[in-house]
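These notes are about the structure you will find just below.
The values are calculated or read from the model by the stated rules, or taken from the named source; none is laboratory data. Owing to the predicted nature of the structure, the values given are computational and were not obtained by experimental measurement. Side chains included, ligands, DNA and RNA excluded: accessible areas come from the protein's heavy atoms. Shrake-Rupley method; radii C 1.70, N 1.55, O 1.52, S 1.80 Å.
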Amino acid sequence: MSNPVILSPSLLSSDFGRLAEELAALEAAGLKWVHWDVMDGHFVPNITFGPPVIKSLRERSKLFFDVHLMIEKPERYLAEFVDAGADMLGVHAEASVHLERTVSEIKRLGAKACVTLNPHTPLSMVEYLLPDLDMVLIMSVNPGFGGQKFLDFTMDKIEQLAAMKAGVNPSMHIQVDGGVTPDNIAELTRRGADVFVSGSAFFNYPPYDQRLKTFMDAAQD
Ligand code: DX5
Ligand code: ZN
């Protein structure tokens, strides 16, 4: 049995001046998850927001906060992000040297744990951690910016990860982030992904309830 499809809209493409309204609109449209792209200006060139912004919006939203940390040495900030209200906390394998310790710490703090891999990073980086993970995020663009083109070679990577998890952690989520659209979501679902991040292809096409339906219908094709 595969996991049901989940769409996690990336706030990176939302209106930062109206984050509270955007979260309310997502909830009203039937979304369950929202994706927070945290960037530090080191691991990736951009800078976005940090724990205080997430915390101030946590009180106003029941959405599942899916937090994608694009920061160097994320182990320094795990407690702050969990305290701010992260439900799922994702760290890049490339940014955390003692990855098992980082994952254990996320779970000890009470959040779900995700490890993220850049497009070129081999799956072997997470192989031994699969039994302990709630999600692996396969980046399908180089992180740092919204609106980039999907890298086609990550399709095979998703399929290989789906095969790897089958024996050890079948309910683990496989998330894909970058260039996801209604045109590639069916293929991504067939290859084994179940949680889809979408920034520009979601927020640029309101109303959000109809856009959610477009993605969900396309995923069944
Ligand atoms: C990229 C971010 C993504 C981004 C996706 O660094 O991790 O979450 O917002 O944007 P789109 O869907 O426009 O590629
Ligand atoms: Zn992201």
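Dividing the summed -39500 (n - 2.57) terms of all DSSP H runs of n ≥ 4 by the residue count of the chain sets its mean residue ellipticity at 222 nm at -9500 deg cm²/dmol. Set against the 2.2 N^0.38 Å expectation for a compact globular protein, the stretch 75-138 has a Cα radius of gyration ratio of 1.02. Overall, the ratio between the Cα radius of gyration of the stretch 58-172 and 2.2 N^0.38 Å, rounded to two decimals, is 1.06.
Over all directions, the projected convex hull of the C-alpha atoms in the chain averages 10.8 nm² in area. Note down the relative contact order for the stretch 66-221 as a percent, whole number, built from C-alpha pairs under 8 angstrom at least six residues apart. RCO, the stretch 66-221: 16 percent. Counting every pair of alpha carbons in the stretch 119-162, the share spaced more than 18 Å apart comes to 31 percent.
Over the stretch 130-221, the hull volume per residue, using the convex hull of the C-alpha atoms, is 94 Å³.
Ellipsoid semi-axes for the stretch 158-208, based on the Cα gyration tensor and the rule √(5λ), read 25, 10, 8 Å when sorted largest first.
Scattering from the stretch 32-81 was approximated by placing one identical point on each alpha carbon and applying the Debye formula without solvent; log10 I(q)/I(0) at 0.15, 0.16, 0.19, 0.23 1/Å stands at -0.40, -0.45, -0.63, -0.88. The antiparallel fraction among DSSP beta bridges confined to the chain stands at about 5%. Accessible area per residue for the chain, computed on protein heavy atoms with a 1.4 Å probe, is 45 Å².
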